[in-house]
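What follows is a short report on a single structure.
The values are calculated or read from the model by the stated rules, or taken from the named source; none is laboratory data. The model shown is predicted, which means the values in this text are computed figures rather than measured ones. Note that each Cβ is placed from the backbone with ideal geometry, even for glycine, and that neighbours are counted across all protein chains shown. To get the accessible areas, we keep the full protein, side chains included, count just its heavy atoms, and leave off ligands, DNA and RNA. Shrake-Rupley method; radii C 1.70, N 1.55, O 1.52, S 1.80 Å.
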Amino acid sequence: MDKIEKIRNIRQKALLVCIIAGVIFLMQPTLPRALPIVFFSIALVLVIWNSIGTFFYGKAAKLLQEKTNASYEKAMPYFDKAIKWGVNENCQIAAGTLMLQHGDMEKGREILEHLSKGNNPKTKDASKISLSMYWWMKGDLDKAIELSEKALENGCRDKNLYVNLCTYLLEKGDYKEYRKYIKDCNDKSLATPAILDLEAAYYMIQKDWKKAGTYLTSLFEKTTPAYKDPYLHKAMLSLHYGDWEGAVKALSEIKNMCTESNTSVYTIDEIETLISLIKDEDTRWGMLEVVDNTPEVLIKGDMPKVKKGVKKPETPFMPSFSEEAFDPTSTSISEDEESEDDERDVDTSLNDDDEEWIRKHSN
């Protein structure tokens, strides 16, 4: 990476020198007229050379607009070429992040680690936010949290930073810190659709299914998620209320709405396994038992250990979620609940920044 960056810097400096020299010689009528033409020609070659990386980056970005597994696979080599030919640091961060999510994780890590040690404070923090995902995927939650908190300490206030950090804390089971950063995120008006989903998962773990359902209802009313977690959580909510068809439908939607990613909670094959466990009358009650007793297993993306032959509980099921006595369009916590929790609820209104976030993270 250092060698590539040095060559790119040399090209840019050479381009500047050629342009300046060409202008100077052009202003000297006593000098041969061919000299400025030579320097301008060299400058033109350097402009084209410096644009090759941007050309490859543009091709990759165009492929991503198709939002299919095949298009992501085709885009990765172009991102690799863009990095080798040289692009600006913001493009490098985007390419490294997408490689982490959809391509060669180690290449993505290498790009982001290099940028995290650079001299530009903004790109250093931005690269740490994405780099934290690498350590999360490797199972090192402490390292992922450390990188995220360092970015926060440096004054970074990015929506993705809060989503990542809260994801790691929720998976670690550090609910006190999770609630602290959720409150901080809401106080700074940085809540995103992904925060709604995290809150749904949190309240499932707390066995507050009604509140979890409120957050999921709000999320699906405001947008159609293009990543797997909300559909999994929707299926878990359906299972909790004994709605087998609803659970299967929610999981089946993943195949049509979501692309595969290294960060996905489950692979498509694993989703099919979960669907089979729900459809099979010998295992469906065991699945419900896992969801009710240890919802964090599924939320973390672990394959559940389902007991066969678990019988239907003698106690009757609660009414279906849609029939419960609450307003499903409301996402506000009552004043009594707010004083008990000592925290603000998520702001679920989508502003222009939220719409931009959804557009950039629909993968």
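A few notes on this one:
A quick yes/no check of all residues on (1) of a type outside the set (Ser, Thr, Tyr); (2) assigned to a helix (DSSP H, G or I):
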residue: 231; (1), (2): no, yes
residue: 234; (1), (2): yes, yes
residue: 275; (1), (2): yes, yes
residue: 307; (1), (2): yes, no
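Yes/no matrix, rows are residues, columns are (1) of a type outside the set (Ser, Thr, Tyr); (2) out of contact with any Phe, Trp or Tyr (no Cβ under 6 Å at 6 or more places or on another chain):
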residue	(1), (2)
236	yes, yes
244	yes, yes
253	yes, no
256	yes, yes
263	no, yes
270	yes, yes
281	yes, yes
291	yes, yes
294	no, yes
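- Residue list for region 249-281, filter: open to solvent by 20 Å² or more (accessible area, probe 1.4 Å), small (Gly, Ala, Ser) and modelled with pLDDT of 95 or more: 252, 276
- Some residue of region 257-270 being part of a loop (DSSP other than H, G, I, E, B), among the acidic types (Asp, Glu) and within 24 Å of residue 101 (Cβ to Cβ): yes
- For residue 148, the requirement of being assigned to a helix (DSSP H, G or I), open to solvent by 10 Å² or more (accessible area, probe 1.4 Å) and of a type outside the set (Phe, Trp, Tyr) is not met.
- For residue 287, the conditions (1) over 31 Å from the mean Cα position of the chain (by Cα); (2) at pLDDT 90 or above are fulfilled apart from (1).
- Total residues in region 171-190, condition open to solvent by 10 Å² or more (accessible area, probe 1.4 Å), touching a residue at least 24 places away in the same chain (Cβ under 8 Å) and of a type outside the set (D, E, K, R): 4
- Set side by side, the residues 282, 269 differ, and just one is charged (D, E, K, R) and closer than 17 Å to residue 301 by Cα, which is 269.
- Unmet requirement for residue 227, which otherwise passes all of (1) open to solvent by less than 30 Å² (accessible area, probe 1.4 Å); (2) not in a helix (DSSP H, G or I): (1)
- Qualifying position, being farther than 27 Å from residue 260 by Cα and without any contact (Cβ under 8 Å) to a residue 24 or more places away in the chain, among 124, 117, 138: 117
- Test result for residue 99, surrounded by 20 or more Cβ atoms within 10 Å (Cβ to Cβ), modelled with pLDDT of 95 or more and in a helix (DSSP H, G or I): no
- Residue match in region 125-132 (condition: surrounded by fewer than 20 Cβ atoms within 10 Å (Cβ to Cβ) and under 20 Å from residue 54 (Cα atoms)): no
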